[in-house]
Amino acid sequence: MTDLLRLATAGSVDDGKSTLVGRLLYDTKSVLADQLEAVERASKSADGEPDLSLLVDGLRSEREQGITIDVAYRYFATPTRSFVLADTPGHVQYTRNTVTGASTAQLAVLLVDARHGVVEQTRRHAAVMALLRVPRLVLAVNKIDLVDYDEATYLTIAKEFRDHTTALGYSEDAVVTIPVSAKKGDNVVLESERTPWYDGPTLLDHLESVPVDGPDDTAPFRFPVQTVIRPRSAEYPDYRGYAGLVAAGSVSVGDSVVVLPDGQRTTVEGIDRYTSSLSSASAGDSVVLRLADDLGIARGAVLVATSSAPEPVTEFTATLAWLHEKPLTPGRRLLVKHGTHTVQAMITAVEDRLDIQTLALDADPGTLEINDIGHVAITVAEPLPLDDYDTVAATGSFLVIDPQAGDTLAAGLVGRPLVTTPVDA
Amino acid sequence: MSVDITPLSAATDQLDVLESEAIHVMREVAGEFDRPVILFSGGKDSMLLVHLAHKAFWPAPIPFPVLHVDTGHNFDEVIAFRDAVVERYGLTLEVASVQDYIDDGRLSERADGTRNPLQTTPLLDAIADHRHDAVFGGGRRDEERARAKERIFSLRTAFGAWEPSRQRPELWNLYNGRHKPGEHVRVFPLSNWTELDVWRYIQREEIDLPTIYYAHTRDVFARDGMWLTSGPWGGPRDGEEVITKTVRYRTVGDGSCTGAVESAATTLDEVLAEVRESRLTERGATRADDRLSEAAMEDRKKEGYF
């Protein structure tokens, strides 16, 4: 049995992120012979080494421009762990992809070029990781070979990064910094002899040993109903089950639950996972719940623990990461998708916008544009059982959708989850 | 219903994580779309989709029909298997036939005899004719570089085209399936699975597969570094020598461009061992269609291919 770590990588232009990911794949022998041949055929590297970044740049336009445009997902495995890696692009205009990668990540690897140190993009990426509550960060100080493996340079960068992540609310042990050369392979998979002053783990050692923070099963129970299973067959004439993924917490047979937004109470009579009857289920499990009472529950309802039922609301404050070229227009009709429920919505006010460099809040910006993060007031047409994102992320998150074009406009987080201490830029 | 009380262990195996994710995706589609369909070739990935759909909606029947894009260059074993699966799960089978398009002149045979690229038109017509708004595919991101950038919910234009620059950001597990009339959404529940995960899951769940996935003796000839089987799709040509070998298939596709690999793996355990040891991707080893150019898959996806 092996476990699974979902991670995201982010860095700014030309700091060698694709090469680092290529190096991880190459040195863990996750690159198969035909892929390597394709790289060697296409490789333009002047010094004769295969250009490992070509392993991960998937689209032709990316290869032609030598940049990464879109989130790419990579898979590699070691004997102890499997990895799903969301490789996110560094250009400013693609920060929305960083948000996407971060939303499912249990750990983020940020890259800096040792010659340039912590730059605006590093601060922006760390803020996005903090906002989305990515539990752990790694700073890979790349191209350490180009600063002659200089310890003082590394320490200066590491300290600056730690100061920034501490201001963002990360604890000391949630952040690890590693000096690497993706191109030469130092401290990525194999320990480097050229950094004798560094006694920490290699990047892969760390990824293999870091605790996996799974979905929160200590949080209060939350279960958005996806669909009702009602076979009405000769064999199962009266079966009625509510299918869904346990979003947070856990549930056991016999637990009493509240159905939101209506507020009726009932008891969990059975938990089915295909033909098996379970005594309990927890966050991340796709199951079917059978209830003691027939309450006319449909898709969109949320079953929650009686002891911690949120009060459904129609007006709330949220943090938005704006993802679309079309800027926010307060007062326009929009849709909010929360769990399995999509409702009409309107953003009534933009309260402030985060200055990603200083982490200060600029009041009354009037709008949010692509890549902006800010706080807004939202009104929805039907009451939603929301949690604060920093309490229960799974039911504290939502999408803002354009009702005409159907595009996803923003990632929404209920409340003000980003706690920051403004820092000097 | 069995009555064994099985508490899930705290440390969940990655196969359970992947299964829960795939089932969640399928139930979202059932909840948000009017006319979904599962693309079903009889290959292992599409068989996995049927198995997962069966588990997702049990004890109700699978609420989606299946669509087979039939190139006319099939392995007999695979067609027999397809029909048996349709029967066993009580599915509705829709068939889009490339042969029909060739017979009435809407498509013409390619010089190289390969029919894989010809599947796109019948596929898009079938989606339009049946007014399917969600189309499940068995594609995995580990298969190929362009697929690595694919979303789980992937919007297609009214022309069936994939526009990489219009891809929606996909956040948490909140999938946005909104689309305009005429557009549809391709859905890939196996996005995060690897080839090894697929085989481990097939073993764990005891999923039946067509026999050609296991080693058997077959008359084959060499072309482009692959072992192709003799058949009505144009082979062997002059100078291509037919020999009998013990082989198996890693993918099931059009007979004209799907190669067999030499293998003695006759059981699931042996296949798993072979997949673990393999130094070639399954597409690189056995799919001529992906060798057409560096961006072969990217181009076909933009046209509306699987």
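The values are calculated or read from the model by the stated rules, or taken from the named source; none is laboratory data. None of these values were measured; they are calculated from a predicted model. Here the Cβ is made from the backbone with ideal geometry for all residues, glycine too, and neighbour counts use every protein chain on show.
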Of the numbered conditions (1) polar (S, T, N, Q); (2) within 18 Å of B:Ala53 (Cα to Cα); (3) out of contact with any Asp or Glu (no Cβ under 9 Å at 6 or more places or on another chain), A:Ser256 satisfies every one except a single condition; which is it?
-> (2)
With the condition kept exactly as written, say whether any residue in region A:361-368 is among the charged types (D, E, K, R), exposed (fewer than 14 other Cβ atoms within 10 Å of the Cβ), outside any strand (DSSP E or B) and in contact with a strand residue (DSSP E or B) (Cβ under 9 Å, 6 or more places away or on another chain).
-> yes
Of the residues in region B:60-89 that are modelled with pLDDT of 95 or more and surrounded by fewer than 18 Cβ atoms within 10 Å (Cβ to Cβ), the one that is farthest from the chain's Cα centre (by Cα) is B:Pro61
Return yes when B:Ser165 is farther than 27 Å from B:Glu109 by Cα, surrounded by fewer than 22 Cβ atoms within 10 Å (Cβ to Cβ) and either within 14 Å of chain A (Cβ to nearest Cβ) or modelled with pLDDT of 85 or more (or both) and no when it is not.
-> yes
Given the residues B:Gly231, B:Gly235, B:Gly225, which is the only one that is within 14 Å of chain A (Cβ to nearest Cβ), modelled with pLDDT under 85 and within 26 Å of B:Thr266 (Cβ to Cβ)?
-> B:Gly225
Filtering region A:321-335 down to residues that are among the hydrophobic types (A, V, I, L, M, F, W, C) and within 12 Å of A:Arg96 (Cβ to Cβ), which residue is surrounded by the fewest Cβ atoms within 10 Å (Cβ to Cβ)?
-> A:Leu323
Specify the residue that is surrounded by the fewest Cβ atoms within 10 Å (Cβ to Cβ); the eligible residues are those in region A:393-413 that are more than 8 Å from every other protein chain (Cβ to nearest Cβ) and among the β-branched types (Val, Ile, Thr).
-> A:Val400
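Where in region A:277-350 are the strands (runs of 3 or more DSSP E), entirely inside, with at least 3 residues that are farther than 30 Å from A:Ser252 by Cβ? Before the answer, list the steps.
Working: elements: A:280-282, A:286-291, A:302-305, A:313-322, A:333-338.
Hits in region A:277-350: A:313-322, A:333-338.
Specify which of the listed residues (B:Ser191, B:Ser165) is assigned by TED's automatic domain parsing to the domain that holds B:Ala56, out of contact with any Asp or Glu (no Cβ under 8 Å at 6 or more places or on another chain) and of a type in the set (Gly, Ala, Ser).
Values: B:Ser191 fails: out of contact with any Asp or Glu (no Cβ under 8 Å at 6 or more places or on another chain).
The match here is B:Ser165.
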By residue number, the members of region A:234-270 that are facing chain B (nearest Cβ under 10 Å) and either assigned to a loop (DSSP other than H, G, I, E, B) or not hydroxyl-bearing (Ser, Thr, Tyr) (or both) are A:Glu235, A:Tyr236, A:Tyr239, A:Gly241, A:Ala243, A:Gly244, A:Leu245, A:Val246, A:Ala247, A:Val253, A:Gly270
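Tell me, yes or no, whether region A:296-305 has at least one residue that is more than 9 Å from chain B (Cβ to nearest Cβ) and loosely packed, with under 14 Cβ neighbours inside 10 Å.
Checking region A:296-305: at least one residue is more than 9 Å from chain B (Cβ to nearest Cβ) and loosely packed, with under 14 Cβ neighbours inside 10 Å.
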